[in-house]
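Here the structure is laid out as structure tokens; the discussion comes afterwards.
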Amino acid sequence: MKTIYLSAEDAATAVVAAEMIRSGELVAIPTETVYGLGANGLDENAVAKIFEAKGRPQDNPLILHISGPEQIELFCHHIPQKAYDLAEAFWPGPLTIVLPARSIVPRRTTGGLDTVAVRCPDCAVTREIIRLSGVPIAAPSANISGKPSTTTAEHVLHDHDGKIAAIVDGGPCRVGVESTIVDLTEERPRLLRPGGIGPEQLVEVLGDLVVDKAVTAQVDKDAVVKAPGMKYRHYAPAEPVVIVSGSREKAAAYIHRHFEPGDRVLCFEEELPLYEGCAPLSYGKEADVNTLSAGLFAALRELDDPSIHQVYARCPVGGGVAYAVQNRLKKAAAFHIVDAEAEA
Ligand code: TXA
Ligand code: MG
């Protein structure tokens with residue numbers, strides 16, 4: 001199959017992409033977080049193609065992308081006021097809400113669950129594709145399962161060229177890490193995945209938030225968890241990654257003590273001079289966490305090279321989107337963290 005390239009700048013793109021979605025094809029779509037691998041979320045056969053293209057486990061549910069809060073009730077029931085409060089505060093934007101699913105949503109889309117995740121992305125061309133197609137677009141991150149997510153059209157083509165009908169190129173993703181996921185199906189709101197909206201911002205609207213255990217620790221692949229996606233090895237380059245925490249100086253001293261030829265260092269731009277001779281790669285500025293979230297997956301993809309032996313990674317501290325960067329890096333490192341302060 002020849003994958004058709006569509007530019008978001010081109011006036012005809014939304015019409016062409018919407019028609020492909022309607023006819024059951026796979027179309028990669030830009031969003032503010034990461035590129036998605038989209039298909040008609042109400043069409044089981046189309047959705048099956050997503051799982052096949054990604055090599056995604058069948059029990060890992062997909063997010064339905066919708067054009068606005070008014071569509072929530074088409075696909076969900078028992079919708080608490082809190083869902084509308086979140087949508088009002090953060091949509092369009094990097095927030096996904098889990099609610100009880102209406103029967104119109106195929107169980108293939110929800111990975112067999114009776115709940116469904118919905119989100120309205122902050123990307124005009126993608127919202128237009130959703131509107132014109134007349135269906136919600138199911139879209140996981142467009143990476144091959146387990147690999148770092150896709151934040152440019154080039155990443156998507158690297159993973160799927162020739163396997164999908166089209167890609168809509170909207171340029172590099174602004175946020176760079178996936179949406180925050182909040183489950184509203186229980187009495188207390190639960191954070192299933194940190195993302196572009198920080199936990200503090202959620203608490204401001206919800207007044208309360210439980211952080212799921214899968215956010216902060218490795219969960220067993222056989223465990224029953226709220227967000228099935230959280231139990232799989234994720235975002236991981238080919239080689240082991242270890243996070244080195246602690247001050248700039250202590251971390252550099254630790255890494256220099258352990259560094260061997262074939263290793264790489266993933267660090268902040270400000271730290272590059274400290275790692276001369278250690279093949280450092282910067283993913284953004286520590287002083288501007290938005291550059292770190294925007295650059296993380298591209299850097300992890302660059303490091304996805306079997307000839308690399310080991311990666312030492314530096315991780316930002318703090319809340320907001322830094323909390324999501326910590327979560328993705330910890331997952332890439334399978335929660336392998338050394339404290340350079342303690343090693344002195
Ligand atoms: O930013 C994003 O959310 C991107 C863009 C494309 O929108 N999408 C994305 O999809 O990250 P994906 O499939 O890579 O991650 C979706 C996560 C998975 O961990 C999945 O288990 C969880 O959402 N999820 C989906 N539906 C769920 C549900 N009903 N209950 C609990 N977790 C759910
Ligand atoms: Mg994903």
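Loop only by DSSP, 15 or fewer other Cβ within 10 Å of the Cβ. Give me the GluC sites (Glu not before Pro) in segment 8-87 that pass, ordered by residue number.
When the GluC sites (Glu not before Pro) of segment 8-87 are filtered for loop state and at most 15 Cβ neighbours within 10 Å, E9 remain.
When you count, for each residue, the other Cβ atoms within 10 Å and take the mean per peptide, how do 235-241, 162-168, 53-59 rank with the highest first?
Packing order, densest peptide first, comes out as 162-168, 235-241, 53-59.
Between A313 and residues 5 or more places away or on another chain, which pairs have amide H atoms under 5 Å apart, with H built 1.01 Å from N, and which residues are they?
So A313 has HN proximity to V242, I243, V244, L266.
Tell me which aspartates and glutamates have Cα within less than 19 Å of K226's Cα, excluding those fewer than 8 residues away on the same chain?
Reachable aspartates and glutamates: D59, D114, E178, D183, E186, E187, D208, D212.
Could you pull out the trypsin sites (Lys or Arg not before Pro) across segment 195-267 that fall in loop regions by DSSP (anything but H, G, I, E, B) with no more than 10 other Cβ atoms inside 10 Å?
Sparse-neighbourhood loop trypsin sites (Lys or Arg not before Pro): K221.
For the cross-link pairs K2/K147; K163/K331; K213/K331, which exceed 21 Å when the distance is taken from alpha carbon to alpha carbon?
Over 21 Å apart, Cα to Cα: K2/K147; K163/K331.
Based on the Cα atoms of segment 157-246, what semi-axes does the equivalent ellipsoid have, where each is the square root of 5 times one gyration tensor eigenvalue, given in whole Å with the largest first?
After diagonalising the Cα gyration tensor, the semi-axes are 27, 20, 16 Å.
Quick one: divide the alpha-carbon radius of gyration of the chain by 2.2 N^0.38 Å and tell me what you get.
Dividing the Cα radius of gyration by 2.2 N^0.38 Å gives 0.98.
Would you mind telling me the antiparallel percentage of the DSSP bridges in the chain, rounded to 5?
DSSP beta bridges in the chain are roughly 35 percent antiparallel.
Please order S245, S293, S67 by the number of other Cβ within 10 Å, starting at the fewest.
Ranking S245, S293, S67 by Cβ neighbours within 10 Å, fewest first, gives S245, S67, S293.
Once amide H atoms are built 1.01 Å from N in the peptide plane, which residues 5 or more positions from V210, or in another chain, come under 5 Å H to H?
Answer set, sorted by chain and number: R190, L191.
What is the angle, in °, between the Cα long axis of helix 81-90 and the longest principal axis of the Cα atoms in the chain? Nearest 10 is fine, range 0 to 90.
60
Note down the net charge around H158, summing +1 for each Lys or Arg and -1 for each Asp or Glu among other residues with Cβ under 11 Å from its Cβ.
Net charge in that neighbourhood comes out at -2.
Any chance you could give the angle, 0 to 90 degrees and rounded to 10, that helix 13-22 forms with the longest Cα principal axis of the chain?
The angle comes out at about 70 degrees.
For segment 260-344, which GluC sites (Glu not before Pro) are both in a DSSP coil and crowded by at most 14 other Cβ atoms within 10 Å?
Sites meeting the loop and neighbour criteria: E276, E341, E343.
In degrees between 0 and 90, to the nearest 10, how far off the longest principal axis of the chain does helix 289-302 point, with axes built from Cα atoms?
That works out to roughly 90 degrees.
Around K285, which amide H atoms from residues at least 5 apart in sequence, or from another chain, sit under 5 Å from its own amide H, with H modelled in the peptide plane?
Close amide H contacts, sequence-distant or interchain: E269, T291, L292.
Would you kindly calculate the translational diffusion coefficient of segment 241-343, applying Stokes-Einstein with the Kirkwood radius from alpha carbon pairs, for 25 °C and a viscosity of 0.890 mPa s, and quote it in µm² s⁻¹ without decimals?
Calculated translational D: 182 µm²/s.
FYI, it's all coordinate maths here, none of it is from the lab. The model shown is predicted, which means the values in this text are computed figures rather than measured ones. Every residue, glycine among them, receives a Cβ derived from its backbone with ideal geometry; neighbour counts consider all protein chains shown.
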